[in-house]
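Values quoted throughout were computed directly from the atomic coordinates according to the rules given, and no laboratory measurement underlies them. What you see is a predicted model; the values in this text were computed from it and never measured. Note: ideal-geometry Cβ built from the backbone for every residue, glycine included; neighbour counts use all protein chains shown.
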Amino acid sequence: MKIREYLKNLIEEYGHVFAFLILLSVFSDPRLVRFPIRFITLYILSSLLWFGLVETSIKHFRKFSLHVSYRYTLYALMGFGSLLIGTIQPRFGIFYVPIFIPVALISLLMNHEIALTSGLLFSILAAFRENFDLRIFLYYFGVAFFSSMTMKEVYRRLDIVRSSVITSSASLLIAVVLSMFKDTGIILRDVIVAFLNPLISTIIVFGLLPYVEFVSRIYSNIGLTELGNLNHPLLKLLAMQAPGTYYHSVMVANLAEAAAERIGANPVLARVASYYHDIGKIKRPNFFVENLKNDFDKNPHNELSPSLSHLVLIDHVKYGIELARKHRLPLLVEDVIPQHHGTRTQMFFFHKAKESMEDGEKINEGDYKYQGPKPQFKEAGIIMLADSVEAAVRTLTDVKPQRVKTIIEKVVSDIFFERQLDESGLSLKDLEMIIEEFHKVLMNMFTSRIAYPEEEKRKMVKVNDKGN
């Protein structure tokens, strides 16, 4: 076990060094043999620049730095792009390299900013290969810029097609402009290849994306949308085994999605993670109040000690994580399962334990806390708030707007002052907007409808006396 932990720590600490060696090995440049010192120096300098920019980009986004899988997936895609540059370019030319593929995949799986950073490094590496040819740098960076910027918000496959068409048009224009500065003039073949390259690359992106998602458990918005299909086996099982929890999860998803969209977080991640955040309740659904169907006399916790009830409740978190790993749900969805509880105290069972304790006995509040961690990114923090708000508002009999807003503000302020949101990245301004959006969504749900008068009952069949 110690050897396994040692190797794991070694990979986590020095994995970027291994990735660097792989990156060097994929360059099939014959000049590397003829001028080893010069080109190894160039590759080392460019790789150091790459690691600096990429590491800075990843650390800027909290949720990406939580898992080593994000880093190594990025390294693999960068190595793939470097391999394309190293093998295709010398044989055919700069317009034949499908640089759209790695940049598009990085943008889909992470975001357009990291993709643009990676595209910049691709451009520098390609220019290094051809003695700092400015034309090569401009072409690669132009394609990388348009492909990453047109993939800011991709939720459908059609959005990728739209991005490829825009990038193809830009690639065509750049190729024409750069060809004007060549002695041979504009070559029709190069212009056609420059236009068709991103369009054909789109087909490869469609083919590679599901495999990369499954292996890395890093999902694009397209993959997340597919997981949000309510016909997913886990969600169908939740609806059958724990219908109250299922309804609660759908309500939380509505709140979380609206709030995430309002503050600029990822609404698709917020909705899908909300669907699965309580998936562990499939195991013992009757131990959770939302599944009791208002028959509280049959609450199994009435027969259990507070400490045992606490253990049963926190077990749904562990089982939820097991299910997420078994079904290969996204890493960030798995993270939400423990993080939406944070390190909060199960106050009901804690107070029940205090009431039942004997003289001189001490109850430690820490024994009734969830194990955490606290929410580590905005979407997890939003789901924590939505989960608590939905549970609190459900108990209201008076759903007047002011009463609902007071409850929302109290729940959010309690969580804030418990310091549960310290690591989530949510600001006070974000919390204000979240409260407003929660209130708006809940009031839309509780909108009263007009009571239509009951229609007068009429005979639908007339009896013909003569026929009887």
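Spin-label model, T395 to S427: label points 7 Å out along the Cα-to-beta-carbon direction sit 3.4 nm apart.
Listed values for the stretch 203-211 are Karplus-derived 3J(HN,Hα) couplings in whole Hz (6.51 cos²θ - 1.76 cosθ + 1.60, θ = phi - 60°), namely 4, 5, 4, 4, x, 7, 4, x, 5, and x replaces Gly and Pro.
For the pair M180 and I88, a Förster radius of 25 Å applied to the C-beta separation gives a FRET efficiency near 0.55, rounded to the nearest 0.05. Extents of the stretch 72-118, taken as max minus min of Cα coordinates on every principal axis and listed largest first, are 31, 19, 13 Å. Cα-Cα over 30 Å: which of K326/K369; K293/K440; K63/K362; K152/K281? In this structure, K63/K362; K152/K281 lie more than 30 Å apart at Cα.
Counting only the Cα atoms, the stretch 221-445 fills a convex hull of 127 Å³ per residue.
For the stretch 305-412, which GluC sites (Glu not before Pro) are both in a DSSP coil and crowded by at most 15 other Cβ atoms within 10 Å? Loop-located and lightly packed - E358, E361.
In a DSSP loop and with at most 14 other Cβ atoms within 10 Å, the trypsin sites (Lys or Arg not before Pro) in the stretch 94-202 are K152, R156, K182.
So if I take the centroid of the Cα atoms in the stretch 347-400 and the same for the stretch 297-324, what is the distance between those two points in Å? About 14 Å separates the Cα centre of the stretch 347-400 from the one of the stretch 297-324. Annotation for Q371 and E418: the two label points, set 7 Å from Cα along the Cα-Cβ direction, are 1.8 nm apart.
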